[in-house]
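Q: Before I ask anything, let me first share the structure, which is written out below as structure tokens.
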Amino acid sequence: MSVCGAARCRGAVRRILQQNRAVCSHTSGSTPEGIREKLQAFPGGSVELQKQRDSGVALLTVNNPARMNAFSGSMMLELEQRVRELETWTEGKAVIVQGAAGTFCSGSDLNAVRAIANPHDGMKMCEFMQNTLTRLLRLPLISVALVEGRALGGGAELTTACDFRLMTSDGVIQFVHKHMGLVPGWGGAARLVRIVGSQNALKLLSGAKKVDPDTGKQMGLVDEVLHCSSGEGNALSHAERWLGQFIQGPAPVIQAVKRVVVSGRELPLDEALQTERSVFGTVWGGPANLEALALKPKHK
Ligand SMILES: CCC(=O)SCCNC(=O)CCNC(=O)[C@H](O)C(C)(C)COP(=O)(O)OP(=O)(O)OC[C@H]1O[C@@H](n2cnc3c(N)ncnc32)[C@H](O)[C@@H]1OP(=O)(O)O
């Protein structure tokens, strides 16, 4: 990449990081440290990250099978740490978010929820998870939620923080919040409206409807139904195969694609166009561009 291209690339990355910082600072006066201490008091499970350097695909696994992969407090902290690691993975192209042991995620750990059921702590937890999931969605990597088994409550919200949702034939996404006397607070409602439209979002949230793969596909919530069952062990290879069609080519180009889509999705048009120009500058005249020009391709 030329010196100019590298400078423009740094500018584009700075812009995305500034957006993320703006999200992180948009709180109602709570300190991140206070949140972290509270969450650390509810340990259990883990969030694991495996970067597959050959393919450029990372696996992010929500791992708390004894509680159907519910998020303990320490897992919320780990998720933030994993997202931070992915933000700087320059060789990466994509991330698959999955649950351990054949089920996706049953939301927040109800034991932790009971212990922090006061509004102040609830708001802090909500802000923390909103910020983390916003950063997950803004990663310069193509993200896929692989829904095997159930995605409930915060688990359903987590699926909306990915670019795509794939579901096994027996998978279920359910925003059960209303049954809990809640609404989504991890950003899941705002994202759901953008994915399926306000009419469908209202139906899913007010009815706490179970979304099966076919209904999900019709609504546009599910991008592909994988023809395998949860826990069979081959859902991941199906997902990787599906993802393969979108991640051919060098990582800088895939990351540039994701960046222009994020800015188009989130910024006012003039700012999105400005970001698009900056990102364009990072690939124009770059190795992949020069190689393609030398090959004189025909796009038949
Ligand atoms: C952000 C807002 C939120 O996320 S609020 C939380 C929303 N989630 C929920 O309400 C899920 C409640 N759980 C359930 O409905 C069921 O456990 C589901 C997931 C359908 C599984 O049912 P089933 O296959 O019969 O298994 P089970 O109930 O015996 O569960 C196995 C063990 O896992 C536990 N578990 C499950 N979900 C949670 C959770 N969210 N928090 C804490 N623990 C959870 C169950 O309690 C059960 O544990 P144990 O074996 O009884 O010790």
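The values are calculated or read from the model by the stated rules, or taken from the named source; none is laboratory data. Only a predicted model underlies this, so the values are computations on that prediction, with no experimental measurement involved. FYI the Cβ positions are ideal-geometry reconstructions off the backbone, even for glycines, and counts take in every protein chain you see. Please note that ligands, DNA and RNA were not included when accessible areas were found on the heavy atoms of the full protein model with its side chains. Shrake-Rupley method; radii C 1.70, N 1.55, O 1.52, S 1.80 Å.
Q: Using the charge dipole of the chain (Lys, Arg: +1 at Cβ; Asp, Glu: -1 at Cβ; taken about the Cα centre), state which of PRO65, GLY181, PRO287 has its Cα farthest towards the positive end.
A: Toward the positive end, the furthest listed residue is PRO287.
Q: Rounded if a/c is under 1.5, else prolate if a/b beats b/c, else oblate: with a ≥ b ≥ c from the C-alpha gyration tensor eigenvalues square-rooted, which is the chain?
A: Details: a/c = 1.78, a/b = 1.39, b/c = 1.28.
Here the chain falls in the prolate category.
Q: In Å², what does the accessible area per residue of the stretch 92-200 work out to with a 1.4 Å probe?
A: On the way: 3520 Å² over 109 residues.
Ligands and nucleic acids excluded, the figure is 32 Å² per residue.
Q: Per-residue HN-Hα couplings for the stretch 47-64, Karplus 6.51 cos²θ - 1.76 cosθ + 1.60 at θ = phi - 60°, whole Hz, x for Gly and Pro?
A: So the J values, rounded to whole Hz, are 10, 9, 10, 10, 8, 8, 5, 5, 8, x, 10, 9, 10, 10, 10, 7, 10, 7.
Q: Of the candidates ALA251, ALA94, ALA151, which one comes out as most mobile in a Gaussian network treatment of the chain with C-alpha springs shorter than 10 Å?
A: Of ALA251, ALA94, ALA151, the most mobile in the Gaussian network model is ALA251.
Q: Sticking with this one: Amide H to amide H under 5 Å from VAL147: which residues, 5+ apart in sequence or cross-chain, H placed 1.01 Å off N in plane?
A: Here LEU166, MET167, THR168 satisfy the definition.
Q: Looking only at PRO184, PRO65, PRO287, which one moves most when the chain is put into a Gaussian network model with springs between Cα atoms under 10 Å?
A: Most flexible of the set in this elastic network: PRO287.
Q: If contacts are Cα pairs under 8 angstrom and at least 6 residues apart, what is the relative contact order of the chain in percent? Please list the in-between numbers first.
A: Working: 514 pairs, mean separation 54.0, N = 300.
Relative contact order of the chain: 18 percent.
Q: Using only Cα atoms, find the angle between the long axis of helix 73-87 and the longest principal axis of the chain, and express it within 0 to 90 degrees, rounded to the nearest 10.
A: Computed tilt is about 0 degrees.
Q: Rounded to a whole number, what % of the accessible area of the stretch 227-300 do carbon and sulfur atoms account for, probe 1.4 Å?
A: Working: 2910 of 4870 Å².
Answer for the stretch 227-300 is 60 percent, counting heavy atoms of protein chains only.
Q: Moving to a separate point now. Under a 10 Å cutoff between Cα atoms, tell me which one of SER198, SER263, SER143 has the largest fluctuation in the Gaussian network model of the chain.
A: Taking springs between Cα atoms under 10 Å, the residue moving most is SER198.
Q: Using only the heavy atoms of the protein chains and a 1.4 Å probe, how would PHE246, PHE104 rank by accessible area, largest first? Walk me through the numbers before you get to the answer.
A: Working: PHE246 80, PHE104 0 Å².
The most accessible residue leads, giving PHE246, PHE104.
Q: List the pairs from LYS124/LYS178; LYS38/LYS178; LYS38/LYS209; LYS217/LYS296; LYS258/LYS300; LYS93/LYS209 whose alpha-carbon separation is above 28 Å, in the order I gave them. All intermediate terms of the calculation are to be shown ahead of the outcome.
A: Numbers: LYS124/LYS178 20 Å; LYS38/LYS178 25 Å; LYS38/LYS209 32 Å; LYS217/LYS296 38 Å; LYS258/LYS300 24 Å; LYS93/LYS209 33 Å.
Listed pairs above 28 Å: LYS38/LYS209; LYS217/LYS296; LYS93/LYS209.
Q: Additional query: If you count only protein heavy atoms with a 1.4 Å probe, what accessible area per residue comes out for the stretch 259-300, rounded to a whole Å²?
A: For the stretch 259-300, the per-residue accessible area is 76 Å².
Q: Given a 1.4 Å probe and the protein chains all in place, what does the accessible area of LEU152 round to, in Å² to the nearest 10?
A: Estimated to the nearest 10 Å², LEU152 gives 40 Å².
Q: Within the accessible area of the stretch 86-198, what % is carbon and sulfur when the probe is 1.4 Å and the other protein chains stay in place? Present the calculation step by step, with values, prior to reporting the outcome.
A: Working: 2200 of 3720 Å².
Within the stretch 86-198, the accessible surface is 59 percent carbon and sulfur.
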